[in-house]
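One structure is given here, and the rest of the page talks about it.
The values are calculated or read from the model by the stated rules, or taken from the named source; none is laboratory data. What you see is a predicted model; the values in this text were computed from it and never measured. Here Cβ is always computed from backbone atoms with ideal geometry, including for glycine, and neighbour counts include all displayed protein chains. Only protein heavy atoms, including side chains, enter the accessible area calculation; ligands, DNA and RNA are left aside. Shrake-Rupley method; radii C 1.70, N 1.55, O 1.52, S 1.80 Å.
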Amino acid sequence: IGEKTESLNLNRASMSVRQPGSSIKPIAVYAPAIEEKIITPGSIYQDEAKSYGDWTPRNSDRQYRGEVDIRRAVRSSLNTIAVAVLDDLGAKKSFDFMRNKMGITTLVESRDINGTIYSDIGYSQLGLGGLTDGVTVLEMAAAYATFANEGIYNKPYIYTEVKDKEGNVILTADRHS
């Protein structure tokens, strides 16, 4: 295999992208829809089979619940409601919100790969979390921290060591003391 030449060269929190799946719903659908005054937590939507072009989203349990408020839709991670709200909001508004207000830099607006155009501006991508590349753990954590910070986004940062006022290292990535 060879000799190891680097140490700590891959930071999985900031360098590895993963598919967010349903964890994207609060930051890509519900937060921008609330900000745009399209929904409130008590807004009622119909949990039902509804097609968007040639695609019909389904809930993970393949059941429908009829009238559901947004609180329950979030709690139950209902795909049908997330996509319906996204339809009311608009995929481009969701995309712009994620990029400009939630700090998600890995979104793909348009990419040609061997003649096929890929884009994260779409219902399954933003409503269900099937992004072209995915997102980093660091960016997802920062986006979610916005909820606890009264809606204010703070750009995340990573430290490698902490020093006291005399310059002594008191905390490193390898040692917690």
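Under a 5 Å amide H to amide H cut-off, with H placed in plane at 1.01 Å, what residues pair with R65 once short-range neighbours are removed?
Amide H neighbours of R65: D47.
Can you list residues from other chains, or at least 5 along the same chain, whose modelled amide H is less than 5 Å from the amide H of Y52?
Amide H to amide H, under 5 Å and 5 or more residues apart or across chains, Y52 pairs with nothing.
Quick check on segment 86-177: take the gyration tensor over C-alpha atoms, sort the square-rooted eigenvalues as a ≥ b ≥ c, and tell me if it's rounded (a/c under 1.5), prolate or oblate.
It comes out prolate by the Cα gyration axes.
Please list 3J(HN,Hα) in residue order for segment 114-121, calculated via the Karplus relation 6.51 cos²θ - 1.76 cosθ + 1.60 where θ = phi - 60°; whole Hz, with x for glycine and proline.
Listing the rounded values in order: 6, x, 9, 8, 10, 8, 8, 8 Hz.
Under a point-charge model restricted to the Cβ atoms of Lys and Arg (+1) and Asp and Glu (-1), what is the dipole moment magnitude of the chain relative to its Cα centre, in debye to the nearest 20?
About 260 debye.
What part of the accessible area of segment 26-177, given as a whole %, is carbon or sulfur when the probe is 1.4 angstrom?
49 percent
In degrees between 0 and 90, to the nearest 10, how far off the longest principal axis of the chain does helix 137-148 point, with axes built from Cα atoms?
That works out to roughly 70 degrees.
Work out from phi, with θ = phi - 60° and the Karplus expression 6.51 cos²θ - 1.76 cosθ + 1.60, the ³J(HN,Hα) of each residue of segment 153-158, listed in order in whole Hz, and give x for Gly and Pro.
These are the phi-based 3J(HN,Hα) values: 8, 10, 5, x, 9, 10 Hz.
For G134, list long-range residues whose amide hydrogen, built 1.01 Å from N in the peptide plane, is under 5 Å from its own amide hydrogen.
none
Helix-only estimate, please: 222 nm mean residue ellipticity of the chain, summing -39500 (n - 2.57) across DSSP H runs of length 4 or more and dividing by its residues, to the nearest 500.
Here the helix-only value at 222 nm equals -8500 deg cm²/dmol.
Helix 91-101 sits at what angle to the longest principal axis of the chain, using alpha carbons and giving 0 to 90 degrees rounded to 10?
Compared with the principal axis, the helix lies near 30 degrees.
Using the alpha-carbon atoms, what tilt in degrees (0 to 90, nearest 10) does helix 79-89 show relative to the longest principal axis of the chain?
90 degrees
By how many nm would the segment from S77 to N11 lengthen if fully extended, with 0.36 nm per residue of separation less the alpha-carbon distance?
20.8 nm
How much accessible area per residue does the chain have, counting only protein heavy atoms and a probe of 1.4 Å, in square angstrom?
62 Å²
Residue by residue through segment 25-36, what is 3J(HN,Hα) from phi via Karplus (6.51 cos²θ - 1.76 cosθ + 1.60, θ = phi - 60°)? Round to whole Hz and write x for glycine and proline.
3, x, 8, 9, 10, 6, 4, x, 5, 5, 4, 7
Net charge within 10 Å of T80 by Cβ-Cβ distance, Lys/Arg positive one each and Asp/Glu negative one each, not counting T80 itself?
+1
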